[in-house]
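Worksheet for the structure shown next.
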Amino acid sequence: MDYKTSNSQKIKVIYILGSGRSGSTLIDIVLGNHPEIESKGELYDIIKKYENNELCSCDTPSQICPFWIDVINRWKEQTKIDDLAFYENLQKKVESLKGLSLLLKNKNNSNINDYIFYTQALYHSISTVSGKNIIVDSSKKPSRALAISMMPNVDLCLIHLVRDGRGVTYSGMKEGKKSLRFPLGWMYNNLLSEIVFYTIGSNKAQIRYEDFVNYPVKTLKLIGEVAGINLSQVSEKLVNKKEIKINHLLAGNRIRNYKTIKLQPDYKWKEKLSYKNQLPFLIFAWPLGIKYGYIGRKTTKK
Ligand SMILES: [Zn+2]
């Protein structure tokens, strides 16, 4: 399949890159409150969720939700794909570390070409059904960001989102998971994200989740500058605590199922996470911890 033969109109994808539990679904939803932006969560996961008929944020099983039925049908029609497992298999190959290494070396193969073709068509299908030209995808996977940068009919706007690894550890431990895996995963995923961030030339920004929560107007202004869109009306909604709407989200953090969302400061871990459980982050993740200003710099509360 040659993805370069497609001649559809260009759309823009705001792609959120980074490690898990960084608050990407919240930012995704907030951006989707601009009339020209469609918030779509962790899009890498939607085919699996659609096949499993999981619940959309509109409280309807995805195979009954009119939005997703239309998106998937148009996508199938446009790409002539009938076996969704074929695309999932492509994802496994390209979204892996091996896929990332091939993309970084600029080595195309048929899997990468097919992945770009089908994924680009999926973005276009979402754009057609939503009637919006800008889509937010908070999949966070580094190889997907590189693949998007190679799509001829998509303009990539890259946001590398980071959050204090101790906040991430606390969020995971609340669910009964062991503390060690979070700093290791945080370091690994952010390191790969750093490599991809520096490989991709333009239209990009690194932002801290804590800055977004504490200084949303300033942070949204920065994202808007990178994406080439004025986000002041979204800022105004946040500042005046107007309702933040959520549009047909099928994949992402569980907040997608909330009826309303609010921005909250992110310092609970400072009181609740013991020093012993903070230590793995300080030992294993200090290089990036220092780079992002989480270690060795006082984080100012609002
Ligand atoms: Zn829905």
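The values are calculated or read from the model by the stated rules, or taken from the named source; none is laboratory data. Worth saying up front: this structure is predicted, and the values here are computed from it rather than measured. All Cβ positions, glycine included, derive from the backbone under ideal geometry; neighbour counts span all protein chains shown.
Go through the residues of region 133-142 one by one and say whether even a single one is touching a strand residue (DSSP E or B) at 6+ places or on another chain (Cβ under 6 Å), part of a helix (DSSP H, G or I) and buried (at least 24 other Cβ atoms within 10 Å of the Cβ). So far as region 133-142 goes, no, none of its residues is touching a strand residue (DSSP E or B) at 6+ places or on another chain (Cβ under 6 Å), part of a helix (DSSP H, G or I) and buried (at least 24 other Cβ atoms within 10 Å of the Cβ). The residue of region 54-101 that is farthest from the ligand (Cβ to nearest atom), among those that are small (Gly, Ala, Ser) and free of Cβ contacts under 8 Å to residues at least 40 places away in the same chain, is Ser101. Kindly indicate whether Lys174 is within 26 Å of Tyr294 (Cα to Cα) and free of Cβ contacts under 8 Å to residues at least 60 places away in the same chain. Yes, satisfied. Applying the set (1) more than 17 Å from the chain's Cα centre (by Cα); (2) in a helix (DSSP H, G or I) to Lys178 leaves exactly one unmet item: (2).
Suppose the filter is polar (S, T, N, Q), more than 20 Å from Ile134 (Cα to Cα) and either out of contact with any helix residue (DSSP H, G or I) (no Cβ under 6 Å at 6 or more places or on another chain) or within 16 Å of the ligand (Cβ to nearest atom) (or both); does Thr119 pass it? In short, no. Total residues in region 30-85 satisfying the condition of being part of a loop (DSSP other than H, G, I, E, B), of a type outside the set (Gly, Ala, Ser) and within 30 Å of Tyr215 (Cβ to Cβ): the figure is 6. For region 290-299, the count of residues that are over 18 Å from the mean Cα position of the chain (by Cα), at pLDDT below 95, among the basic types (Lys, Arg) and closer than 30 Å to Lys49 by Cα is zero. Scanning region 9-29 for residues that are within 20 Å of Val213 (Cβ to Cβ) and away from the ligand (no atom under 16 Å from the Cβ) yields a count of 12.
Rundown of residues vs (1) of a type outside the set (Phe, Trp, Tyr); (2) buried (at least 23 other Cβ atoms within 10 Å of the Cβ); (3) in contact with a Leu (Cβ under 9 Å, 6 or more places away or on another chain), yes/no style:
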{"position": "Asp28", "(1), (2), (3)": "yes, yes, yes"}
{"position": "Glu36", "(1), (2), (3)": "yes, no, no"}
{"position": "Leu55", "(1), (2), (3)": "yes, no, yes"}
{"position": "Thr79", "(1), (2), (3)": "yes, no, yes"}
{"position": "Leu102", "(1), (2), (3)": "yes, no, no"}
{"position": "Tyr118", "(1), (2), (3)": "no, no, yes"}
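Within region 81-100, the only residue that satisfies the criterion of being of a type in the set (Lys, Arg) and either surrounded by 13 or more Cβ atoms within 10 Å (Cβ to Cβ) or more than 23 Å from the chain's Cα centre (by Cα) (or both) is Lys93. Looking at (1) in a helix (DSSP H, G or I); (2) farther than 25 Å from Pro280 by Cα; (3) at pLDDT below 95, which is the one condition that is false for Val168? It is condition (2) that Val168 fails.
Of the residues making up region 270-288, just one is within 18 Å of Glu175 (Cα to Cα) and of a type in the set (A, V, I, L, M), namely Leu273. Taking only pairs six or more apart or across chains, which ones have beta-carbon atoms under 8 Å, a first residue in region 102-116 that is free of Cβ contacts under 8 Å to residues at least 24 places away in the same chain and assigned to a helix (DSSP H, G or I), and a second residue that is surrounded by 19 or more Cβ atoms within 10 Å (Cβ to Cβ) and of a type outside the set (A, V, I, L, M)? Close Cβ pairs satisfying both conditions: Asn111/Gly99.
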